[in-house]
């Protein structure tokens, strides 16, 4: 197989695995995770095979035509950016599948869970590797849908259902905004592939639609990456089982927005709008996320808010766009995926083994869970930006990017130091507080986690260490190609563990000092934050509830207005529209018939029959009692039968006579049994509009018929039947031949309709009066039982 | 001749629509019956009018030659008459049963499916 076919296989393999996961889990139990983990391992190995090429500065594209007439293809783009993401997704995915095996051991729906996780993995991989816009959008929404399924996994709880719906509404809505943005890019450039878009940067930035496209794309990216004020769905998403939080809501999916911004940076970036909006929202998210994290005592919620803060930092760095900022963003993205994934899994282990993840109810676990403690500490050191971990390198580069002395950089540097110090405090609160101090009684007796649980976080923590120690290799394979892809031009990252005396180091030291102060005063800080938040009172999370409730009320109000439940209202609307269509269309398009020519040489008996029909019609309307109405109905029906007879349609005439007789008989039978109101008594204020509508409809149909008969007649079909009735179907009566031979199947359908109507009538008649009510009572009684 | 028929069809539709706009179920049914005739006449006239000569091939001839009524709309109408009758009969029985169960022939009072004071749908998640 060639590389393209293998890449296609790697893209589709997770979906195949998702199909078989439930079956495998039924037979193998939680050990199915070992087998299923082979899938992400295989894709990881496949994509790692591109590393030498990518490190050499090449870009690999491939794919297949999808809808060539619309210039849409199923194609992928592998460069430093997408390769890094693909390796993170499949690498961490492997560990998450294993971790899920242990975390949900014995859960009745573990197979379903693994299936969702693998489905997500496939979607996320497709998202970052997509070259075509449409493919990116499809995978983008697929990640939203799988995220919905995973957050709502524990669908018995209302909180989980609410969180799932909220995430879907926010990220899915953002996806629609993104689609609109991509369509604008497509229209302006005529290009549907990211790999070709690069040369259209200037054109796009100078287009009058630039701002619209930018805002729409940001709408997608900011909702997905939980930027303030769209952040509220992310902490709620912690309702999902912990493997989901570690994988989707910290390491991969929430970075999709950042990925998109990085992908478009060479095309849309480097404009005043870009450099204003991104740092603004990024900094707001960074500071508010870090401050909200301090407020929490739940381990997962603390991590969720720091994730939000980190995403803000990444957006901020991407928006600054300077060479160091881009490199810092690349480094921090990888570092964050490693340490945050590990910390989430540690939080899951603590929850799983002790039954609690409330910081204030945990303590002294170091002797029971030494391995978990070590992993947590390693991840926290990286998160706090301390050597010798990868987080330190990332932070050095961040401060390098911010350490020029203009006012703008100084403001952002100050905010970043504040945010990082808060995150430092939270990191060590999570890594130290549950493990140190006196032993606290927990709902479950604490002991060390099984191998399936600690393997994942341990590997991630070790990676954070080894990437830093072998920074040269990490930069050559990952950081430099990724920075080059974000910047759109070749870049080489050189920063290493060896610190250089300068502004960055001073900022690091300041962060460390403030962080330690924050850590020591965490309880006081938390109380202050709680007070502030209580004072504000309202947040976008409550706003979401208000929005959904308002939407529902609005929908109900609209529906009640349109669906009044009154038949005469529906009828009025229908006929009014018919009249408007029939009368307005010919006027608008100049299709009114010529003045009608009422032939004077019509035989007297024909006019008489027509007059009888009209008289019958008006008698139906004016009848004072129902018997008169029924008889008059018969009169107009028989008059129509005579008209058919006069105009060469004896078959119609006979049928019409039969049917009209039957109608009158049945109608008389039914109506005499009921005590109905004898005549039509509408008040005048109803009569007038009703007759206006009726007249308009009548006029419309009359004009329509005049116009139609005034046009030349195409008799092709009639001639065909006239010609072949005898020679092919051996029948002399053309009408009968059409019905039983040429259109025999239609007639069969008609017979079926009549038969079904007959059956329906029979069952209605046999159903005794009041049995409907009794049936309803019975089913209600059954429900009570 | 078509002008006279257009006038007739217009009157048929006017009466049918007027009856169907009533609040009383029997009036609506009468309107449905008239509407069937109105539509049949519309199709019939649309296929052009020919007096007296039915579309029947004379003995000895292989095809229909010379002026005869248009067979195609007749075939359509033949089907339509039967279908509209079964439809009418079904509606009639339905109205009768509705009257027996609800003791009213006023459509405004037939509110089982769409009650006047319908409660709000649940507001939770």
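Observations
- If you look at the Cα atoms of segment A:140-543, you get an Rg and a Dmax of 20.5, 66 Å.
- For chain A, the longest principal axis of the C-alpha atoms and the axis of helix A:540-562 are separated by about 0°.
- D (Stokes-Einstein, µm²/s), Kirkwood Cα radius, chain B, 1.002 mPa s at 20 °C: 119 µm²/s
- For segment A:514-551 versus segment B:58-111, the inter-centroid distance based on Cα atoms is 69 Å.
- For a paramagnetic label modelled on residue A:510 (point 7 Å from Cα along Cα→Cβ), amide N atoms under 17 Å away belong, within segment A:386-408, to A:395-408.
- Cα point-scatterer Debye curve for segment A:240-381, base-10 log of I(q)/I(0) at q = 0.10, 0.13 Å⁻¹: -0.38, -0.60
- Fully extended contour minus Cα-Cα distance, from residue A:500 to residue A:548, at 0.36 nm per residue: 12.0 nm
- Distance from segment A:384-447 to segment A:100-167 (C-alpha centre basis), Å: 29 Å
- Residue of B:73, B:115, B:54 that the Gaussian network model of chain B assigns the largest fluctuation, springs spanning Cα pairs under 10 Å: B:115
- Per-residue Cβ neighbour rank within 10 angstrom, fewest leading, A:553, A:526: A:553, A:526
- Mean partner shielding of peptide A:664-672, defined as the number of other chain Cβ atoms within 10 Å of each residue Cβ, is 3.
- Residues of segment B:1-37 falling in the label zone of residue A:598, defined by backbone nitrogen less than 16 Å from a point 7 Å along Cα to beta-carbon, are B:1-12.
- Nearest-ten-degree value, helix A:323-354 long axis tilted from longest Cα axis of chain A: 80 degrees
- When the Cα convex hull of segment A:607-674 is projected onto planes of every orientation, the mean area is 4.3 nm².
- Cα pair distances of segment A:497-561 binned at 5 Å [whole percent]: 4, 13, 10, 10, 10, 10, 9, 8, 8, 6, 5, 4, 3, 1, 0
- Its Cα gyration tensor gives chain A an equivalent ellipsoid, and the semi-axes of that ellipsoid, as √(5λ) in whole Å with the largest first, are 72, 32, 27.
- Sorted ascending by nearby beta carbons within 10 Å, beginning with the fewest, A:625, A:690, A:541 become A:625, A:541, A:690.
- Relative to the longest principal axis of the Cα atoms of chain A, the long axis of helix A:716-727 lies at roughly 70 degrees.
- Estimated inter-spin distance, residue B:120 and residue A:367, nm [label 7 Å along Cα→Cβ]: 5.7 nm
- Theoretical FRET efficiency, 1/(1+(r/R0)^6), r = Cβ-Cβ of residue A:28 and residue A:527, R0 56 Å, to 0.05: 0.70
- At an R0 of 22 angstrom, the distance between the Cβ atoms of residue A:410 and residue A:271 translates into a FRET efficiency of 0.45.
- Average Cα contact separation per residue, chain A, under 8 Å, 6 or more apart, as relative contact order %: 10 percent
- Model label sites at residue A:109 and residue A:205, defined 7 Å from Cα along the beta-carbon direction, differ in position by 4.9 nm.
- The distance linking segment A:552-573 with segment A:735-756 is 39 Å (Cα centroid to Cα centroid, whole angstrom).
- Gain on full extension, evaluated as 0.36 nm per residue between residue A:587 and residue A:432 minus their Cα-Cα distance, stands at 47.6 nm.
- Counting other Cβ atoms within 10 Å as a rough exposure proxy, the listed residues A:327, A:448 run A:448, A:327 from fewest neighbours to most.
- Counted residue by residue at 0.36 nm each, then reduced by the alpha carbon distance between them, the extension gain from residue A:754 to residue A:732 reaches 5.2 nm.
- Value of Rg to Rh for segment A:258-328 (Rh from inverse mean 1/r over Cα pairs, i.e. Kirkwood): 1.07
- Using the Cβ-Cβ distance between residue A:56 and residue A:440 with R0 set to 45 Å, the FRET efficiency from 1/(1 + (r/R0)^6) comes to roughly 0.25.
Computed from the coordinates by the stated procedures, all read-outs in this text should not be read as laboratory data. It should be emphasised that the depicted structure is a prediction, and the values quoted were computed from it without experimental measurement. Counting neighbours? That spans all protein chains shown, and the Cβs are built from the backbone with ideal geometry, glycine included.
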